[in-house]
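Trainee: Submitted below is the structure of interest, expressed as structure tokens.
The values are calculated or read from the model by the stated rules, or taken from the named source; none is laboratory data. Every value quoted in this text rests on a predicted model; they were computed, and no experiment measured them. With ideal geometry, Cβ positions are generated from the backbone for all residues, glycine too; neighbour counts draw on all protein chains shown. We work out accessible area using only protein heavy atoms, side chains counted, and drop any ligands, DNA or RNA first. Shrake-Rupley method; radii C 1.70, N 1.55, O 1.52, S 1.80 Å.
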Amino acid sequence: MALLEIANLTVEFATATGSLRAVDGINLSVDEGEILAIVGESGSGKSVAMLALMGLLPWTAKVSADSMLFDGQDLLSMDDRQRRKIIGKDISMIFQEPMTSLNPCFTVGYQITEVLCQHFGGSRRSYNNRAIELLHQVGIPAAETRLNAYPHQLSGGMCQRVMIAMMIACQPKLLIADEPTTALDVTIQAQILELLIELQQSHGMALILITHDMAVVAETAEHVVVLYAGQQVEQRSVKELFKSPQHPYSEALLNALPERAQEKLLNAIPGVVPGQMDRPKGCLFNPRCSYAQEMCRQQPPELRDGILCHYPLAMPNPSMRKDPDLDVRTQ
Amino acid sequence: MKQQLIKARNLHKYYAVKSGYLQPAQSLKALAGASFDLYEGKTLAVVGESGCGKSTLARLLTMIEEPTSGQLSIDNIDVAETTEKSIKKQLRQTVQMVFQDPFGSLNPRQKIGNIIQEPLIINTNFSANERHQQVLEMMELVGLRNEHFQRYPHMFSGGQRQRIAIARALILKPKVVILDEPVSALDVSIQAQVINLLIELQQELGLAYVFISHDLSVVRHISDQVMVMYLGKPVEQGPNKAVFNNPQHPYTQALLSATPQADVEGKRQRIKLTGELPSPIDPPSGCAFNPRCQYADKNCQLHEPVMELYGDSRVSCLAVAQQRIGQLKAS
Ligand SMILES: Nc1ncnc2c1ncn2[C@@H]1O[C@H](COP(=O)(O)OP(=O)(O)OP(=O)(O)O)[C@@H](O)[C@H]1O
Ligand SMILES: Nc1ncnc2c1ncn2[C@@H]1O[C@H](COP(=O)(O)OP(=O)(O)OP(=O)(O)O)[C@@H](O)[C@H]1O
Ligand code: SF4
Ligand SMILES: [Mg+2]
Ligand SMILES: [Mg+2]
């Protein structure tokens, strides 16, 4: 059985301009010790979906799901107290902005030992050695002396490591990392990703990695969920997705990468992601899709085999699919 | 023969910084010796980690700041030697800049049309009608529609805002455009649109670009020449192919190997960089990279390497000089 199993997760926000569906029917399944990547453009609902799982959304959010099982327990029917026992201990999350999620007023040592106290009880002092061990594990040199450092005295990469140290302090079964390296330099990014994979392997921890970077997906994850405008458009093994994407959006996303350009101009996807006000009829991707047919403009597709498309790309005769009227370049 | 637009020789920029109240000011070497030539229609990419001096270089080239020492010629005119105001003004118009943040760099209270024509109002004597005409032409060139003229920045997506910033930078018909991380804040699919726009504008107008970025896959695609900087100093510079296919400086090699690749076939050998970027106030003696370099020996702590030509690139490294460095396996 999967460690985490989410079916048909939907999140709606009540906003001044009406209801906004930020997450629209997402299914996730993560096995023990597995790395799953969630990839999608800004605003596609990656963070909101995970915050919903953690129960950390504001009251304006309406969360619904057919099921949300963690380690065999039903998170939906659980009361807040039971849920809090799991969240933070068995499931931890590294948030998108490391600088803002460490408390600037407390030392690194205080913040790590505090987490340990909260979950295991006892006095903060008794966890000093464990804190040093943790800082050591995430590759912070001279860990003993860093216990008394405040976040502002550390670089961005160091803060991110401290965050990770705090998150793995309780040896969670599942770690959710929301863009853990986006603000960091490539050499530091490589170090942090390597650290996360190392922890995943040595502790058998499952990892959900949220990113917008296809290259990071390729190098770290086993499975991937591709989101577009709040919807899950494709879910595959990473190897398969990169070899033969089946959703037109996944294909377009991969083809837009500079590495895949055949000539000087890149294969850009025309248009932009629809907003709250200009959601198209039918498939949400249809105005930007080079394969869109009349059906796509009228009817929203249904999820089949993890793919949300009327005409997935593995169809036997691909030349049938291309709509000759739509020239991608000139749009 | 292509026209030479920028000639930079040994540019330095030092800032006086105080580490505390009552402490004497120290000198921070933000840029310590950059030399290059830039020709019409060509792109020089400047890469390196946060704080290595990329934006400082941009401020010197756009004459926002004066170099502490070194020589800068724009359009064959020595900037330091011109005292005449009109010539200075003309040089300023020759080099324009586009910033990273498409949200922060546009005045939210001004209409798009006014944002784009502001440089014309300040720098030229065109009539209101003429200005209006020029703005409309420019908007068309960068793919904005006529009716956008009256709208405010918040009504635009990130990609469109970057188009606005590009239009504003081009309105004075510069010959050189400094692009400081122009696509870093954009999503993959939008990033490709903006890169294509930049490529097309360059081909059409013969613009020269200084393209500042930490995204090596974008740099590899767009640049003719590459300059890799570390702690204020160029460590390797040369033609695109030479730097990417045969990186010689250990830092360039590490940077390339740390860049994730959107490729699921075969894992590459990754060079692990330990430690973090040292402080530019108190840079390591000898070669500034030596504390993180796997090839460093005693000499590297004592002697400062200088740029020398090896093959097609100029490299500043003692180990390269002694031929102690193996080739990075081509990816
Ligand atoms: N508290 C909120 N109230 C209303 N709308 C919200 C709220 N939080 C998020 N949203 C909206 O929900 C949508 C999904 O946002 P989310 O933060 O999940 O995107 P994301 O995929 O994480 O993007 P990014 O890559 O930029 O982090 C967006 O349109 C966002 O504006
Ligand atoms: N006005 C200033 N006064 C003092 N120090 C400065 C000033 N401007 C920049 N610096 C310092 O100079 C160094 C180089 O800064 P710069 O902004 O050029 O880096 P960068 O390569 O553009 O980095 P990033 O990738 O983060 O934008 C940094 O250490 C920075 O803190
Ligand atoms: S349903 Fe149609 S428009 Fe949507 S992605 Fe598939 S082919 Fe394209
Ligand atoms: Mg997010
Ligand atoms: Mg900068």
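Trainee: Which one is nearest to ligand 4 (Cβ to nearest atom) among residues in the range B:37-47 that are open to solvent by less than 10 Å² (accessible area, probe 1.4 Å) and more than 23 Å from B:G275 (Cα to Cα)?
Mentor: If we take residues in the range B:37-47 being open to solvent by less than 10 Å² (accessible area, probe 1.4 Å) and more than 23 Å from B:G275 (Cα to Cα), then B:A45 is nearest to ligand 4 (Cβ to nearest atom).
Trainee: Quickly run through the range B:272-289 and pick out the residues that are of a type outside the set (S, T, N, Q) and at the interface with chain A (Cβ under 9 Å from one of its Cβ atoms).
Mentor: B:K272, B:L273, B:G275, B:E276, B:L277 - these are the residues of the range B:272-289 that are of a type outside the set (S, T, N, Q) and at the interface with chain A (Cβ under 9 Å from one of its Cβ atoms).
Trainee: For the range A:179-193, give me each residue that is open to solvent by less than 10 Å² (accessible area, probe 1.4 Å), more than 7 Å from every other protein chain (Cβ to nearest Cβ) and away from ligand 1 (no atom under 16 Å from the Cβ).
Mentor: Hit for the range A:179-193 is A:I192, nothing else.
Trainee: If we only count helices (runs of 4 or more DSSP H) wholly inside the range B:234-302, which ones have 3 or more residues that are in contact (Cβ under 8 Å) with a residue 40 or more places away in the chain?
Mentor: B:240-245, B:250-258
Conditions (1) out of contact with any strand residue (DSSP E or B) (no Cβ under 9 Å at 6 or more places or on another chain); (2) in contact (Cβ under 8 Å) with a residue 60 or more places away in the chain; (3) away from ligand 3 (no atom under 16 Å from the Cβ), marked per residue:
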site	(1), (2), (3)
B:K54	no, yes, yes
B:T82	yes, no, yes
B:Q90	no, no, yes
B:F99	no, yes, yes
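Trainee: Same structure again: Of the residues that make up the range A:222-230, is at least one free of Cβ contacts under 8 Å to residues at least 60 places away in the same chain, under 22 Å from A:N27 (Cβ atoms) and open to solvent by 10 Å² or more (accessible area, probe 1.4 Å)?
Mentor: No, the range A:222-230 contains no residue that is free of Cβ contacts under 8 Å to residues at least 60 places away in the same chain, under 22 Å from A:N27 (Cβ atoms) and open to solvent by 10 Å² or more (accessible area, probe 1.4 Å).
Trainee: Listed residues B:S105, B:S50, B:S86, B:S55; which is within 15 Å of ligand 2 (Cβ to nearest atom) and open to solvent by 60 Å² or more (accessible area, probe 1.4 Å)?
Mentor: Just one listed residue meets the conditions, B:S50.
Trainee: Something else: Report, by residue number, each residue of the range A:234-269 that is part of a loop (DSSP other than H, G, I, E, B), more than 7 Å from chain B (Cβ to nearest Cβ) and out of contact with any Leu (no Cβ under 9 Å at 6 or more places or on another chain).
Mentor: If the condition is that a residue be part of a loop (DSSP other than H, G, I, E, B), more than 7 Å from chain B (Cβ to nearest Cβ) and out of contact with any Leu (no Cβ under 9 Å at 6 or more places or on another chain), then A:Q262, A:E263 are the ones that fit.
Trainee: Next question. Consider A:L209 against the criteria (1) surrounded by fewer than 22 Cβ atoms within 10 Å (Cβ to Cβ); (2) within 16 Å of ligand 4 (Cβ to nearest atom): it satisfies all of them except one. Which criterion is unmet?
Mentor: Status for A:L209: all satisfied but (1).
Here is a yes/no grid of residues against (1) touching a Gly at 6+ places or on another chain (Cβ under 7 Å); (2) under 13 Å from A:T107 (Cα atoms); (3) touching a residue at least 60 places away in the same chain (Cβ under 8 Å):
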residue	(1), (2), (3)
A:V138	no, no, no
A:P141	no, no, no
A:Y150	no, yes, no
A:V162	no, yes, yes
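Trainee: Scan the range B:18-35 residue by residue and report those that are open to solvent by less than 50 Å² (accessible area, probe 1.4 Å) and at pLDDT 85 or above.
Mentor: Matches in the range B:18-35: B:L28, B:A30, B:L31, B:A32, B:G33, B:A34, B:S35.
Trainee: Would the range B:131-142 turn up any residue that is away from every other protein chain (no Cβ under 14 Å) and touching a strand residue (DSSP E or B) at 6+ places or on another chain (Cβ under 9 Å)?
Mentor: No: zero hits.
Trainee: Starting from the range B:185-210, keep only residues that are among the polar types (S, T, N, Q), then list their pairs with residues that are at pLDDT below 90 whose Cβ atoms are within a distance under 7 Å, requiring at least 6 positions of separation or different chains.
Mentor: Going by the 7 Å Cβ cut-off, the qualifying pairs are B:S189/A:E41; B:Q191/B:V183; B:Q193/B:G159.
Trainee: Identify the residue in the range A:231-244 that is within 16 Å of ligand 3 (Cβ to nearest atom) and open to solvent by less than 20 Å² (accessible area, probe 1.4 Å) and, among all such residues, is nearest to the chain's Cα centre (by Cα).
Mentor: Of everything passing the filter in the range A:231-244, A:Q232 is nearest to the chain's Cα centre (by Cα).
Trainee: Could you pull out every one of the strands (runs of 3 or more DSSP E) wholly within the range A:39-104 that has 3 or more residues that are open to solvent by 30 Å² or more (accessible area, probe 1.4 Å) and within 16 Å of ligand 4 (Cβ to nearest atom)?
Mentor: Strands (runs of 3 or more DSSP E) meeting the threshold: none at all.
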